[in-house]
Ligand code: UDX
Ligand code: ADP
């Protein structure tokens, strides 16, 4: 099966970078990325590639190379579906905010809409690839909808979960640890798997392309994220213990990370993990386990989320407690709003929840983030519905200059580990702050000794 035209539904953080890299590596394949969101598509088509809607190091160069050659962004969803041999589904699958499974199960509304649209417009056989993170057995839902179209078109469903991490998406896509492809194990299923293997094999060594049945592939995605999140919650749990003892979490992480069975990655204590995947995927796992009556399994994984919520709350409380138990009317500078460095994505970012808690105590917050827009920050806070849009506007000031954020502040809180924060003129910041000048380093990126020599009172996670 030779694939010549690919369509990807969803031009977000997953669909955009993934398709850009496929287009770069396969110049003979026409890749069309579609989205209902016209403004998002317009940004992907902006003549200045620096204005594309997803910030990822290296991505704009790839878009510049492939766009207009074999990479296209459009809102003409039906046409792209009709023409394609292979359709990737990369739409959002947020946690349900209503009805059964509210707060835990994934909302599959968008996936189902996609399936129905594919079913409606297709006139030739297609391979449909699940790219979005989905609960186990979503493929059977897709199959069911697609099978009953009644227009004699044959569909093969593959699961090809995305393992890219934001901020390193381009590298992760160009040199992945592995590519996972799940499909039916009959002859036609295997043919479909082979077609997708052949695309990745253009740049990924064959031994790194793993093929499984659909269910293993779907569950592996949730499991990988659950394991990674669990490591962060584990180290964060111990960071609290370190703060009550003479132990230092950085030293503990180094000591255990050198055990080759444990390994050094994902052991950085922080203000809490964020991002669109970790929490959502664990909640999915918890929901699935509970739906089979596996309460101990569900409780076990749920604790990872409970710990993460505790870590965010604990960080906010530490600020309040240190500032003499009141932050009412006090200016607190936030450096960073993104859920991690090198991305403009803010979904589930710890900064949102820490800010919300401090605002509840009537603090005034000035935020600087090198990549996140003010509109996005206000949208994140408004989404929580804790206070009115006007109150958020009044209490939160978004600035373009970090020194302005810190001017006359009682405290500076580091919420994202942007590299540039390390190189600031901290003496200048100290001079402009109210005294005593406090720093709460939620990412352990600053040199505590140097800051203390300047005169700061420093609180870092886990020491
Ligand atoms: C994650 C998975 O890594 C990726 O494979 C999957 O495809 C999508 O979900 P992402 O959410 O983009 O990727 O970022 P990741 O690097 O995993 O970080 C998630 C969160 O954990 C961030 O908020 C990060 O700051 C935090 N984190 C990570 C820590 O607090 N400490 C660590 O040691 C590592
Ligand atoms: P992710 O991080 O998984 O890429 P995003 O929310 O960044 O998630 O992107 C998902 C995109 O999918 C959004 O831009 C949304 O507009 C788009 N989308 C959702 N449903 C459809 C649909 N039925 N047709 C086209 N685009 C869709």
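The values are calculated or read from the model by the stated rules, or taken from the named source; none is laboratory data. Remember, predicted model here, so these are calculated numbers, not experimental data. Quick reminder, even Gly has a Cβ in these numbers, built from the backbone with ideal geometry, and neighbours come from all protein chains shown.
Okay, here's what the table says:
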quantity	calculated
Every residue from the stretch 255-275 that is on the phi < 0 side of the Ramachandran plot, in a loop (DSSP other than H, G, I, E, B) and away from ligand 2 (no atom under 16 Å from the Cβ)	258, 259, 260, 261, 262, 264, 265, 267, 268, 269, 270, 271
Residue 333 vs. criteria away from ligand 1 (no atom under 16 Å from the Cβ) and touching a helix residue (DSSP H, G or I) at 6+ places or on another chain (Cβ under 7 Å)	yes
Residues that are surrounded by fewer than 12 Cβ atoms within 10 Å (Cβ to Cβ) and either on the phi < 0 side of the Ramachandran plot or outside the structural domain of residue 116 (by TED's automatic domain parsing) (or both), drawn from the stretch 148-161	148, 151
Hits in the stretch 339-355 (condition: more than 9 Å from ligand 1 (Cβ to nearest atom) and either at pLDDT 95 or above or not in a loop (DSSP other than H, G, I, E, B) (or both))	346, 351, 352, 353, 354, 355
Residue within the stretch 78-90 that is within 15 Å of ligand 1 (Cβ to nearest atom) and either farther than 19 Å from residue 226 by Cα or assigned to a loop (DSSP other than H, G, I, E, B) (or both) present	yes
Single unsatisfied condition, residue 225 versus (1) within 16 Å of ligand 1 (Cβ to nearest atom); (2) in a loop (DSSP other than H, G, I, E, B); (3) in contact with a helix residue (DSSP H, G or I) (Cβ under 8 Å, 6 or more places away or on another chain)	(2)
Count of the stretch 91-107 residues which are more than 16 Å from ligand 1 (Cβ to nearest atom) and surrounded by 14 or more Cβ atoms within 10 Å (Cβ to Cβ)	5
Any hit, the stretch 288-303, residues being within 15 Å of ligand 1 (Cβ to nearest atom) and either crowded, with 21+ Cβ neighbours inside 10 Å or not in a helix (DSSP H, G or I) (or both)	no
Candidate set from the stretch 1-29 (those that are within 16 Å of ligand 1 (Cβ to nearest atom) and part of a loop (DSSP other than H, G, I, E, B)); member that is nearest to residue 161 (Cα to Cα)	14
Helices (runs of 4 or more DSSP H) within the stretch 108-199 that include 1 or more residues in contact with a helix residue (DSSP H, G or I) (Cβ under 7 Å, 6 or more places away or on another chain) and more than 16 Å from ligand 1 (Cβ to nearest atom)	109-121, 138-147
Filter pass, residue 348 being crowded, with 18+ Cβ neighbours inside 10 Å, assigned by TED's automatic domain parsing to the domain that holds residue 366 and within 19 Å of residue 222 (Cβ to Cβ)	yes
Residue within the stretch 418-430 that is under 20 Å from residue 315 (Cβ atoms) and under 20 Å from the mean Cα position of the chain (by Cα) present	yes
Options 197, 252: the member that is away from ligand 2 (no atom under 16 Å from the Cβ), closer than 30 Å to residue 315 by Cα and surrounded by 16 or more Cβ atoms within 10 Å (Cβ to Cβ)	252
The listed residue being in the same structural domain as residue 132 (by TED's automatic domain parsing) and over 26 Å from residue 28 (Cα atoms), out of 185, 191, 230	185
Among the residues listed as 463, 459, the single one being more than 24 Å from the chain's Cα centre (by Cα) and modelled with pLDDT under 95	463
Spans of helices (runs of 4 or more DSSP H) in the stretch 382-463 with at least 3 residues without any contact (Cβ under 8 Å) to a residue 60 or more places away in the chain and within 27 Å of residue 250 (Cβ to Cβ)	426-432, 448-454
Boolean, residue 190 is without any contact (Cβ under 8 Å) to a residue 24 or more places away in the chain and out of contact with any strand residue (DSSP E or B) (no Cβ under 8 Å at 6 or more places or on another chain)	yes
Index of the failed condition, residue 342 passing every other in (1) at negative phi; (2) under 18 Å from the mean Cα position of the chain (by Cα)	(1)
Exclusive hit being surrounded by 19 or more Cβ atoms within 10 Å (Cβ to Cβ), farther than 30 Å from residue 414 by Cα and within 26 Å of the chain's Cα centre (by Cα), set 210, 285	285
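One line per residue, one yes/no per condition, for (1) modelled with pLDDT under 95; (2) closer than 28 Å to residue 124 by Cβ:
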{"residue": "2", "(1), (2)": "yes, yes"}
{"residue": "16", "(1), (2)": "no, yes"}
{"residue": "91", "(1), (2)": "yes, yes"}
{"residue": "103", "(1), (2)": "yes, no"}
